[in-house]
Amino acid sequence: MSDLALAPDERLAPRSVAGRLLGRPELGAVVGAVAVFVFFAVAADPFLRWSSLGTVLYASSTIGIMAVPVALLMIGGEFDLSAGVMVTSSALISSMFSYQMTANTWVGIGVSLLVTLALGAFNGIMLVRTKLPSFIITLGTFLMLTGLNLGLTKLISGTVATKSIGDMEGFPAAQDVFASHWTVGDVDLQVTILWWLALVAVATWVLLRTRAGNWIFAAGGNADAARAVGVPVARTKVGLYMAVAFCAWISGQHLLFSFDVVQSGEGVGNEFLYIIAAVIGGCLMTGGYGSAVGSAVGAFIFGMTSKGIVYAQWNPDWFKFFLGAMLLLATLLNAWVRRRAEASA
């Protein structure tokens, strides 16, 4: 038998710990998170207080809940520019349906879930049927929802905000689910943190342990090749858009039951924060690469930066500058890490 036949398959060779670490999409984000933490720990003394941790985690969770499905969607090769206003739409539907129909608030919540999922399905079906870029499809949905949020709210409520539903049946129970908080020592923790961590865990399990996770990576990496080997690309992408809609519903209910009323113009621009968190967390703009954990780290960087600037008593007008700088640095770092991983593979 020839030496060639006896040679082991290099694909089966064990990878070093360094090689495995370099292959993780979230490595660059973790390095960035450590750097941001150290920076604000030095620049702002209040940043290290236990009471500040709850504030940072809350700010991170409000972005992180949406960053998780947006990251999965980006891994699948698509974008959703309507995600920010869809959060507001979800809250408006719950509030106005409950108030106008004088129903239990849980009825409004259920109607909102169905309508929001339908909006996500609309985005996905339009994408796979028309073959238009997701940028165009979801930009159109963004503009329509922005107009509907304002127009219908003024038509039904007479103002740009919804009526109070705080005294309606079911409100306290719904508030416990979507907007409760509890104190552990000096740390005030919001329930959104639990929602966020649960979504990260479920999304990570789906990506790494299920057939659907393989479909997501395949659809984002090369849709035509994936389709040729039997991957249901269309169904996968519709499902991803519905996942974004589901998380928009969760965020919308938190918005409503935290403040009792909803301003119809909220949410515009937040879609970019979700995308930024996903990109900082290691997702490639071209699809096929990324992780849910990375999106969580990206959201945590957002939370540390937004609150760290306040604790440092800097002008908050600089926040967008720091966010843009982190986006560029994280993208460059992620590209470098990926090149090193491919070189060591």
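The values are calculated or read from the model by the stated rules, or taken from the named source; none is laboratory data. Computed from a predicted model, the values in this text were never measured in an experiment. When we count neighbours, we look across all protein chains shown, and the Cβ atoms used for this are built from the backbone with ideal geometry, even at glycine. We work out accessible area using only protein heavy atoms, side chains counted, and drop any ligands, DNA or RNA first. Shrake-Rupley method; radii C 1.70, N 1.55, O 1.52, S 1.80 Å.
In this structure, V231 does satisfy being surrounded by 14 or more Cβ atoms within 10 Å (Cβ to Cβ) and outside any helix (DSSP H, G or I). When we screen V38, V68 for residues that are part of a helix (DSSP H, G or I) and at pLDDT below 95, the only hit is V38.
Restricting V184, V160, V202 to those that are touching a strand residue (DSSP E or B) at 6+ places or on another chain (Cβ under 7 Å), open to solvent by 60 Å² or more (accessible area, probe 1.4 Å) and either in contact (Cβ under 8 Å) with a residue 24 or more places away in the chain or among the β-branched types (V, I, T) (or both) reduces the list to V160. The lone criterion from (1) open to solvent by 60 Å² or more (accessible area, probe 1.4 Å); (2) assigned to a helix (DSSP H, G or I); (3) closer than 21 Å to L81 by Cα left unmet by C247 is number (1).
Conditions (1) touching an Asp or Glu at 6+ places or on another chain (Cβ under 9 Å); (2) more than 30 Å from V115 (Cα to Cα); (3) not small (G, A, S), marked per residue:
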{"site": "A226", "(1), (2), (3)": "no, yes, no"}
{"site": "V233", "(1), (2), (3)": "yes, no, yes"}
{"site": "I250", "(1), (2), (3)": "no, no, yes"}
{"site": "L273", "(1), (2), (3)": "no, no, yes"}
{"site": "A277", "(1), (2), (3)": "no, no, no"}
{"site": "M285", "(1), (2), (3)": "no, no, yes"}
{"site": "S295", "(1), (2), (3)": "yes, no, no"}
{"site": "P316", "(1), (2), (3)": "no, yes, yes"}
{"site": "L323", "(1), (2), (3)": "no, yes, yes"}
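Kindly indicate whether T116 is more than 28 Å from S134 (Cα to Cα) and either open to solvent by less than 10 Å² (accessible area, probe 1.4 Å) or in contact with a Pro (Cβ under 7 Å, 6 or more places away or on another chain) (or both). So T116 does not fit the description; no. Within region 129-150, being buried (at least 18 other Cβ atoms within 10 Å of the Cβ), of a type outside the set (F, W, Y) and touching a residue at least 60 places away in the same chain (Cβ under 8 Å) holds for T141, L145, T146, N149. The C-beta contact set for region 90-117 (first residue closer than 15 Å to I250 by Cβ, second residue acidic (D, E), distance under 7 angstrom, 6+ apart or interchain) is empty. Among the candidates L152, L199, L117, the residue that is under 15 Å from T88 (Cβ atoms) and aliphatic (A, V, I, L, M) is uniquely L152.
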